[in-house]
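Report on one structure; see the data block that follows.
Coordinate-derived values only; no laboratory data. On a predicted model such as this, the values are computed, not experimentally measured, just so you know. No Cβ is skipped: glycine too gets one built from the backbone with ideal geometry, and neighbour counts run over all protein chains shown.
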Amino acid sequence: MIRILVDSSADYTMAELAENGFDFVPFPVTLNDKTYLDTVELDRNDMYEFLLQGDNFPKTSQPSPEAFAEIFENAKAKGDEIICILLSSALSGTCQSAFLAKNIVDYDKIYIIDSLTATFPIRILAEHAATLRGQGKSAEEIVNAVEDLKARTKVIANMDTLEYLYRGGRLSRTSASIGNLVNLKPVVTIAEDGSISILAKPIGKNKAYSTLLKHLEKHPIDSDFPVYSIYTYGLENCEKLEAKLTKAGIHFKERLQVGCSIGAHIGPGTVGIVYVEKI
């Protein structure tokens with residue numbers, strides 16, 4: 001049997017994980033000195049409301065090697081193959097934890113894919129892997145196909161505020177204050193090396209949405225794969241962007257909410273689109 005494993009940065013709900021039959025390793029998230037397992041014990045709306053309450057900032061950490069080893073030992077005992085599609089190594093040490101666990105378990109049928117991306121592009125990769133599994137492809141064939149596809153999976157997002165980049169230590173207080181003062185609404189993506197990259201720094205939401213749409217014109221959508229509208233918390237910005245996407249002839253499969261492990265760093269009000277770029 002070929003199994004597929006994701007971490008909680010893929011932003012599946014527990015019900016979706018069960019429906020897809022995916023193995024799952026959650027990120028620990030600490031709020032007010034209490035640690036929760038993302039998705040398992042922590043509701044994403046509760047986390048965003050916590051962010052809005054004040055100066056406290058959630059702390060996320062990578063899963064331990066032991067969390068992976070438990071699942072790997074189970075796969076080894078059953079003779080299963082397992083394909084892990086994990087958060088970008090440029091953003092987390094999750095892949096490192098998985099490789100350490102693989103060495104501990106000493107089992108060759110564990111395949112670890114550094115997605116070089118985050119959040120819902122990982123969902124596209126995992127579900128593509130599941131489709132290929134259903135077609136009878138081997139684990140090696142699936143891994144190669146996912147490796148080929150991952151460079152084309154894209155997320156483009158518009159951040160509503162710089163406050164949470166500051167709180168997470170990714171931006172200085174001065175830069176965040178100036179940016180918020182002039183109504184800076186950065187448009188960000190995941191670069192080829194798996195790191196967060198700023199595409200543009202437009203002033204105001206309308207310019208930000210126009211910037212996003214212009215980027216899509218230059219990097220068109222492959223209609224063979226699903227397109228997702230994504231948001232963190234609060235639907236006002238999301239509905240505005242969706243209206244502009246629809247007017248531009250871009251149709252999305254569904255609206256999805258970004259979870260805790262990524263959402264904590266980009267904050268409420270962030271919206272965007274996830275898709276596969278056409279070759």
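Among the listed pairs K201/K244; K185/K214; K59/K253, those whose Cα-Cα separation exceeds 21 Å are K59/K253.
Look at the dipole of the chain built from charges on Cβ: of F252, M47, L86, the Cα furthest out on the positive end belongs to F252. Dipole size of the chain about its Cα centre, with +1 on Lys/Arg Cβ and -1 on Asp/Glu Cβ: approximately 1180 debye, rounded to the nearest 20. The distance linking segment 114-140 with segment 1-41 is 16 Å (Cα centroid to Cα centroid, whole angstrom).
Which number comes out as Rg/Rh for segment 129-279 once both Rg and the Kirkwood Rh are worked out on C-alpha atoms? It would help to have the intermediate numbers written out before the result.
On the way: Rg = 16.6 Å, Rh = 16.5 Å.
Ratio of gyration radius to Kirkwood radius for segment 129-279: 1.01.
Here is the tail figure for segment 23-83: Cα pairs spaced more than 17 Å apart come to 49 percent of all pairs.
Of L216, I110, I142, whose Cα points farthest to the positive end of the dipole of the chain (charges on the beta-carbon: +1 Lys, Arg; -1 Asp, Glu; origin at the Cα centre)? The listed residue farthest towards the positive side: L216. Highest GNM mean-square fluctuation among A145, A157, A243, for the chain modelled with Cα contacts below 10 Å: A243. For segment 153-276, averaging the sequence separation of C-alpha pairs within contact (under 8 Å, six or more residues apart) and dividing by the residue count gives a relative contact order of 35 percent. Calculated on C-alpha atoms, the gyration radius of the chain divided by its Kirkwood radius gives an Rg/Rh of 0.97. Considering helices alone, the calculated mean residue ellipticity of the chain at 222 nm is -12500 deg cm²/dmol, with DSSP H runs of length four and up weighted by -39500 (n - 2.57) and normalised per residue. A simple spin-label model places the labels of N103 and I203 5.2 nm from each other, with each point 7 Å out along Cα-to-Cβ. Potential lengthening of the chain between S223 and A151 amounts to 24.3 nm, from the contour at 0.36 nm per residue minus the alpha-carbon distance.
Largest mean-square fluctuation among V182, V25, V105, in a Gaussian network model of the chain whose springs join Cα atoms under 10 Å apart, belongs to V182. Considering only G93, G134, G179, the mean-square fluctuation computed in a Gaussian network model of the chain, springs between alpha carbons under 10 angstrom, is largest for G134. Across segment 1-62, the relative contact order, built from alpha-carbon pairs under 8 Å that are at least six residues apart, equals 31 percent.
Spacing of the modelled spin labels on E49 and K34, each 7 Å from Cα toward Cβ, amounts to 1.3 nm. Taking amide H positions as modeled 1.01 Å from N, with prolines and chain starts lacking one, the residues under 5 Å from I230 and 5 or more places away or on another chain are L256, G272, I273, V274. The length gained on full extension between H215 and N183, counted as 0.36 nm times the residue separation minus their Cα-Cα distance, comes to 9.4 nm.
Rounded to the nearest 20 Debye, what is the dipole magnitude of segment 153-276 about its Cα centre when Lys and Arg each give +1 and Asp and Glu each give -1 at the C-beta? Write down the numbers at each step before the final one.
On the way: 15 positive and 11 negative charges, 86 e Å.
Dipole magnitude for segment 153-276 comes out near 420 debye.
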